Structure formats: C-alpha cells, structure tokens
1. Residues in region 27-46 that are surrounded by 17 or more Cβ atoms within 10 Å (Cβ to Cβ) and without any contact (Cβ under 8 Å) to a residue 40 or more places away in the chain: how many?
2. When the residues of region 173-201 are filtered to those that are within 18 Å of ASN86 (Cα to Cα) and open to solvent by 30 Å² or more (accessible area, probe 1.4 Å), which remaining residue is modelled with the lowest pLDDT?
3. For region 1-120, which strands (runs of 3 or more DSSP E) that fit wholly inside it have 1 or more residues that are touching a Cys at 6+ places or on another chain (Cβ under 9 Å)?
4. Given the criteria crowded, with 21+ Cβ neighbours inside 10 Å and modelled with pLDDT under 95, does TRP133 qualify?
5. Considering only region 130-149, state which residues are in a helix (DSSP H, G or I) and closer than 16 Å to THR221 by Cα.
6. SER259 is checked against (1) over 16 Å from PRO107 (Cα atoms); (2) modelled with pLDDT under 85; (3) not charged (D, E, K, R) and fails just one. What number does that condition carry?
7. Any chance you could count how many residues in region 168-205 are in contact with a Ser or Thr (Cβ under 9 Å, 6 or more places away or on another chain), part of a loop (DSSP other than H, G, I, E, B) and within 22 Å of ARG232 (Cα to Cα)?
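The values are calculated or read from the model by the stated rules, or taken from the named source; none is laboratory data. No experiment lies behind these values; they were computed from the predicted model shown. Cβ: placed from backbone, ideal geometry, glycine included. Neighbour counts: every protein chain shown. The protein model used for the area step is the full one, side chains on, heavy atoms only, and it has no ligands, DNA or RNA in it. Shrake-Rupley method; radii C 1.70, N 1.55, O 1.52, S 1.80 Å.
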Amino acid sequence: MKQAPLPAVLAIHGSAGSGRQWNGLRDRLPERRIMAPCVPSADAPERLAFFTDIVRRQSAPVDLVAHSFGAAIAVKLANALPNEVNSLTIYDPVVPVTDARSHGWLPEELWQLWQTHRHSTPDRLMQAFVNYWGTPHLWDQLSPNARRAQMALAEEVRRDFRQMTAGDWIAPAATFGGPMHLILGSASPGVIRKMSDDLLRRHPHAQILHAPGLGHMAPTTHPDRINEMFARCVTLPGPALSDNLRDPDGSACPTGGPSEPDRPASRSA
C-alpha cells in the first residue's frame, strides 16, 4: 500500500530575514516539502491571509516552524487554524505580551528601543536593531555592503514594530493544542524569556528546549545546530521528544515550564 506523504513544513522567518535562512532545514529533512516564502511587505491581515492560503492549499496539516517575529505570525496562524496545523516549533519567539498593553504589547526594554528609534534614519535604526539582537558592536563589524543591505530593510522593521505595538498579532483564544516547542537560546536577550513565559501562560502544554550558548541570531550564525534542533522537533513531535532531543554540540536540552527569573542577558551568538 502506498505510504501517505509526510506533512509539509511551513517556515516563517523574522524581521529583516528571508526564506533563505531555512535552506539548511531542507538538507536535514530531504523527505519533506519545505515551504519558506519571504514574509510579504503588507499589513497584518494581508500577511495572515497569505500564510492561511498556503496552509489551506495543503492536502494535510502542516508543521509550522518560525524564528523571532515570525513566531507572532505562526502562533496566530496555529490558533486560527488549529485543525490544519500539526505542530508548532519556534526559536526565540518575539510575540505580543498580553499584560503589556500600556507599552505596545512589548516588554519594557523592547518598547524603549522602539520609542527611541521609531523615527531614526535607516542607518541609526538598523544599527540599534542589529546590535540589540546580535552582539553589542555587530554593526561595526559589518561590511559596507552588508550595512547597505540592512538599511534597505529599515521600513520592513518599522512595519513589524508598528504591527506588534498596534496589537495586530495578538492571537485569538489559545485553541491550538498540538505539539508545541519553544527553543530558547541561552545567550539571547532577556526579553525573549518574558515573551516565552507569556506564550506558556496561554499554551501551558508547550515544551521549552534550551540551546546552550546560542543567541537570538543563531539561525544565521549557527544554522547547523539550530536546523538540527528544528528537524528533530518536527520529526519527533510527540511525548518522546524530551527523551530524544539533544543539542548537536552534545549538551542536553532540558525541558520544562516557565523559564528561570531574569538574569543579565548576553547577546553573543
């Protein structure tokens, strides 16, 4: 009897990213169809409609993977289409914090970053953005061509911030009950823990997996390690995951509930 095809994987990148960051995931899941479109330049309803159309054109529920701001899209999509999403795996989610309405649904530190630079020139905005999510002096290490490429994305970053602070990506009721994994870089900014904890309050069944030593930009700085973790989450989406997943550097990846209290955050990757 002919075996049914494995679920397709829909991969959603974050702000100032592109679908190319998921090329390594294709190498690890050659038997899967990996759909990694670039997030369209559009308002929130159009973006959601774009991804909804992709999901609904599949013959079976999809596995969703996402990074950073892509997680806000993925979480809303999974809750809007709970019967059409098989599993949800996120690295370092940048998502609305539901008790932070007074400062744009963002943790205070991220809200202050946006307030300081929302009207900045493209070079100043992207310098702050790159240094915050990467390392403190990463902008200075970029080549002139790389800086120009980042500055060309400044309006995309502004659009993402505006949509987040307007509450556009507040998910509907937490109707998605399938396997859900939050992979957190241990060297990522502390705001990631705040946003992850808010997700866990709404989705208490989710598992946390830790990526020792990795920062927020690990999908581009350490793609082999992160894509291996994504691949294992997708192929082992059930209860056996916590017993089988290890970070490819050999470190165990403990699972559990809400993360530990904040500590000073290193942003090195």
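1. Here the count works out to 4.
2. Result: ALA173.
3. 62-68, 85-93
4. no
5. Residues satisfying the conditions are VAL130, ASN131, TYR132, TRP133, LEU138, TRP139, GLN141, ALA146.
6. Only one criterion is unmet by SER259, namely (1).
7. 5
Yes or no, residue by residue, for (1) open to solvent by less than 10 Å² (accessible area, probe 1.4 Å); (2) touching a strand residue (DSSP E or B) at 6+ places or on another chain (Cβ under 8 Å); (3) modelled with pLDDT of 95 or more:
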| residue | (1), (2), (3) |
| --- | --- |
| THR52 | no, no, yes |
| VAL62 | yes, yes, yes |
| VAL65 | yes, yes, yes |
| GLY70 | yes, yes, yes |
| LEU77 | yes, yes, yes |
| GLU84 | no, yes, yes |
